[in-house]
1. Using alpha carbons only, how many angstrom separate the centre of region 168-182 from the centre of region 82-136?
2. Using the Karplus curve 6.51 cos²θ - 1.76 cosθ + 1.60 with θ = phi - 60°, what ³J(HN,Hα) values do you get for each residue of region 103-108, in whole Hz, with x for Gly and Pro?
3. Could you sort the peptides 48-55, 5-12, 150-157 by per-residue average Cβ neighbour count (10 Å cutoff), highest mean leading?
4. Among 184-195, 72-83, how do they line up by average Cβ neighbours within 10 Å per residue, starting with the highest?
5. Kindly identify region 26-141 as rounded, prolate or oblate by the Cα gyration tensor criterion: order the square roots of the eigenvalues as a ≥ b ≥ c, call it rounded if a/c is under 1.5, otherwise compare a/b with b/c, prolate if a/b is larger, else oblate.
6. Under a Cβ-only charge scheme (Lys and Arg +1, Asp and Glu -1), can you give me the dipole magnitude of the chain about the Cα centre, in debye to the nearest 20?
7. Classify region 98-158 from the C-alpha gyration tensor, please: rounded if a/c falls under 1.5, else prolate or oblate depending on whether a/b exceeds b/c.
8. Give me the percent of the accessible area of the chain that comes from carbon and sulfur atoms, probe 1.4 Å, all protein chains in place.
Amino acid sequence: MITIIDYKAGNLTSVQRALNHLGIENQISKDPDVIRKAEWVIFPGVGAAASAMETLKERNLDSALKESFECGTPILGICLGSQIILSMSEEDGNTPGLGILPGRAAKFKFTDDTLKIPHMGWNAVKVTNPHPVLSHLNPGDEFYFVHSYYPQPEKAENIFATSEYGFEFPVAVGVDNLFAVQFHTEKSGPIGLQLLKNFAEWRL
């Protein structure tokens with residue numbers, strides 16, 4: 001059973017539909033006790049860092065998520081979920097994050113208008129550090145992105161895949177039982193479904 005965290009940050013039903021399509025048992029919950037007892041956790045999200053952190057704290061989901069991590073529960077962050085697992089986000093005036101993974105969510109900054117923000121659309125992902133959740137990916141495989149910020153861990157060893165948009169930036173990061181991706185697995189067709197399947201089969 002995979003538990004999807006509900007903290008009013010969108011794309012929950014899209015993730016659930018993708019899991020249902022794969023025949024993977026799942027539930028959506030905003031109950032911190034359910035999160036603490038979950039076998040696998042997906043931490044999705046679209047939206048702004050400050051409001052997301054506010055809701056997590058209001059529902060005591062911040063502490064539940066940290067406890068899940070400390071207990072060794074496999075956790076998958078998606079999009080906003082890959083940013084607020086970090087120490088802070090540059091969004092909304094340097095918003096403190098969950099601090100599970102040291103680092104920050106950095107904003108795309110370009111000196112001209114040739115590249116638009118947010119970065120939106122399909123982009124190739126390059127695996128730089130093998131990980132079970134990224135198994136079966138091939139060079140040139142593309143995922144769907146919609147974002148203005150990207151995860152930047154303090155240590156290079158916590159980066160598992162990158163993409164390019166003006167420069168090479170991290171799109172898959174993790175530590176121990178936590179893995180997180182900047183792109184939307186649930187909107188990335190068969191290769192996105194493969195990644196969700198990999199996560200459901202991830203054993204530590």
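1. If we compute the Cα centre of each part, the gap is 9 Å.
2. x, 9, 8, 9, 8, 4
3. Working: 48-55: 18.6, 5-12: 20.8, 150-157: 16.5.
Order by mean packing, descending: 5-12, 48-55, 150-157.
4. Listed from highest to lowest mean packing, they are 72-83, 184-195.
5. oblate
6. On the way: 17 positive and 24 negative charges, 39 e Å.
Dipole about the Cα centre, nearest 20: 180 debye.
7. oblate
8. Values: 4380 of 8990 Å².
Percent of accessible area from carbon and sulfur atoms in the chain: 49.
The values are calculated or read from the model by the stated rules, or taken from the named source; none is laboratory data. Bear in mind the structure is a predicted one, so any value in this text is a computation, not a measurement. All Cβ positions, even for glycine, are placed from backbone atoms using ideal geometry, and neighbour counts span all protein chains on display. Heavy atoms of the whole protein, side chains included, go into the accessibility calculation; ligands, DNA and RNA do not. Shrake-Rupley method; radii C 1.70, N 1.55, O 1.52, S 1.80 Å.
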